[in-house]
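Shown next, in structure tokens, is the structure this report addresses.
The values are calculated or read from the model by the stated rules, or taken from the named source; none is laboratory data. No experiment lies behind these values; they were computed from the predicted model shown. Here Cβ is always computed from backbone atoms with ideal geometry, including for glycine, and neighbour counts include all displayed protein chains. With ligands, DNA and RNA removed, areas are computed over all heavy atoms of the protein, side chains included. Shrake-Rupley method; radii C 1.70, N 1.55, O 1.52, S 1.80 Å.
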Amino acid sequence: MDVGVPKETAPYEKRVALVPDGIASLTKAGLRVIVEAGAGVAASVTDAMCRDAGATVAGAGEVMGKADVILKVQPPSVEEARTIKQGAILISFLQPVRNRDVLDALTSSRVTAMSMHRVPRITRAQSMDALSSQSSIAGYKAVLVAASNLGKLMPIMMTAAGTIRPSSVFILGAGVAGLQAIATARRLGAVVSAYDVRAAVKEQVESLGAKFVEVQLGQKDTETSGGYAKELTEESNRKIQGLLEETLRGTDAVITTALIPDRPAPRLITEEMVKGMRPGSVIVDMAAEAGGNCELTELGKSVVRHGVTIIGPYDLAATVAANASQMYSRNISSLLLTQVKEGRVHLNLEDEIVNATVVTHSGEMLVKVSAG
Ligand code: NAD
């Protein structure tokens with residue numbers, strides 16, 4: 001069976017779905033890998049490296065039209081989806097709520113689409129958890145983006161010209177990305193505090209040397225059984241806003257990471273709060289693609305509002321393409337290899353991981369799509 005790896009077409013996307021290690025492990029399992037020419041170049045993977053690992057290098061048409069399994073990072077565009085062979089398998093990030101038109105195209109070509117967003121967070125699937133691998137990288141990079149947009153130093157600096165106080169960094173949302181952001185900001189010498197609706201993360205935040213900012217919500221059920229945040233009541237949101245207003249006034253850099261699965265990102269930072277921040281401070285809104293945690297965020301842009309720089313990046317993992325691709329390649333090949341027997345992919349829809357990730361199969365959409 002042929003596994004195709006196309007070049008990503010989203011303008012900011014530098015990652016590639018398979019690196020040579022992944023190519024070698026799929027080839028060893030008896031699959032043939034076809035990589036589009038130049039697919040890995042932006043992630044420091046040359047065509048020659050792909051060939052050495054056992055892949056064939058071909059044009060885009062051959063990859064999309066011939067492969068039985070397509071491995072991608074970003075969801076395909078509708079046009080790309082239409083070029084995938086009837087009945088093939090596609091594995092990529094794919095959010096039914098945001099990619100409805102793509103799902104329709106995949107359904108009509110009877111493609112079995114599996115979303116890396118939906119890999120369950122169970123022990124057996126840890127090596128396939130691309131949300132975690134990419135979020136860790138993005139959390140690290142967000143702090144570097146904040147630091148390089150701040151007219152201040154992160155660490156304390158004592159010189160003959162005087163002592164510079166360390167910057168204060170506030171992390172909103174202490175999940176995988178937030179915890180990595182805390183660790184990175186601490187390594188740079190900043191004074192770090194963080195908040196999350198899931199009270200369970202307090203200990204993790206403190207163990208990284210940051211202060212956990214507490215607010216009594218009254219609402220007890222802030223977490224799903226899967227460990228994700230729930231959408232909050234209006235009253236809880238009001239309490240958080242009071243806390244944020246006060247915290248942001250004394251903060252130099254804010255990294256926001258708050259997400260609710262399959263819902264728009266919670267709007268936590270209002271224009272009024274931005275007005276109250278110090279001039280020259282920076283917000284990096286990692287939830288920008290999900291609508292943003294700050295109401296002034298513009299996706300893909302850096303804007304200055306009321307003296308505050310507000311950055312709304314696309315997935316920052318794409319900007320650390322070599323390592324992000326290396327980890328993603330491990331995630332996606334681990335998932336695929338669980339379904340390979342004697343050089344062929346036999347999807348077991350009863351398997352807990354496959355069952356959770358499949359979003360279209362045999363001409364049917366298997367997930368409910370309700371936006372908003
Ligand atoms: P996420 O990306 O969905 O959300 C990011 C963070 O934003 C979360 O910590 C969430 O609680 C927080 N948040 C949401 N709404 C908020 C609000 N209104 N105010 C403040 N914070 C808000 O989450 P994630 O980082 O992918 O991980 C969530 C959970 O999954 C964590 O408990 C993590 O430890 C767990 N996890 C488990 C595994 C595993 O068991 N294999 C792997 C990865 C993550």
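Some notes on this structure:
Residues checked against (1) assigned to a loop (DSSP other than H, G, I, E, B); (2) open to solvent by less than 30 Å² (accessible area, probe 1.4 Å); (3) within 15 Å of the ligand (Cβ to nearest atom); (4) over 26 Å from ALA130 (Cβ atoms):
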position	(1), (2), (3), (4)
ALA185	no, yes, no, no
ALA200	no, no, yes, no
VAL205	no, yes, yes, no
GLY226	yes, no, yes, no
GLU231	yes, no, yes, no
ASN237	no, no, yes, yes
LEU243	no, yes, yes, yes
PRO264	yes, no, yes, no
VAL274	no, yes, no, yes
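- Strands (runs of 3 or more DSSP E) completely within segment 109-182 that count 1 or more residues being within 10 Å of the ligand (Cβ to nearest atom) and touching a residue at least 40 places away in the same chain (Cβ under 8 Å): 168-172
- Meets criteria (more than 15 Å from the ligand (Cβ to nearest atom) and open to solvent by less than 50 Å² (accessible area, probe 1.4 Å)) for LEU296: yes
- Answer residue from segment 209-224, given it is within 13 Å of the ligand (Cβ to nearest atom) and assigned to a loop (DSSP other than H, G, I, E, B) and is most open to solvent (accessible area, probe 1.4 Å) among those: GLU214
- Filtered by the rule that a residue be surrounded by fewer than 23 Cβ atoms within 10 Å (Cβ to Cβ) and in contact with a strand residue (DSSP E or B) (Cβ under 9 Å, 6 or more places away or on another chain), segment 314-335 gives a lone residue, LEU335.
- Subset of segment 1-25 (residues that are farther than 15 Å from VAL57 by Cα and in contact with a strand residue (DSSP E or B) (Cβ under 8 Å, 6 or more places away or on another chain)): MET1
- Single condition ALA317 does not satisfy, out of (1) assigned to a helix (DSSP H, G or I); (2) touching a residue at least 40 places away in the same chain (Cβ under 8 Å); (3) in contact with a Leu (Cβ under 9 Å, 6 or more places away or on another chain): (3)
- When THR360, THR338, THR309 are checked against the criterion of being more than 18 Å from the chain's Cα centre (by Cα), of a type in the set (Ser, Thr, Tyr), within 23 Å of VAL119 (Cβ to Cβ) and open to solvent by less than 30 Å² (accessible area, probe 1.4 Å), THR360 stands alone in meeting it.
- 2 or more residues open to solvent by 20 Å² or more (accessible area, probe 1.4 Å): qualifying strands (runs of 3 or more DSSP E) within segment 1-102: 32-36, 56-58
- For GLU342: the one exception among (1) in contact with a Lys or Arg (Cβ under 9 Å, 6 or more places away or on another chain); (2) farther than 30 Å from ASN149 by Cβ: (1)
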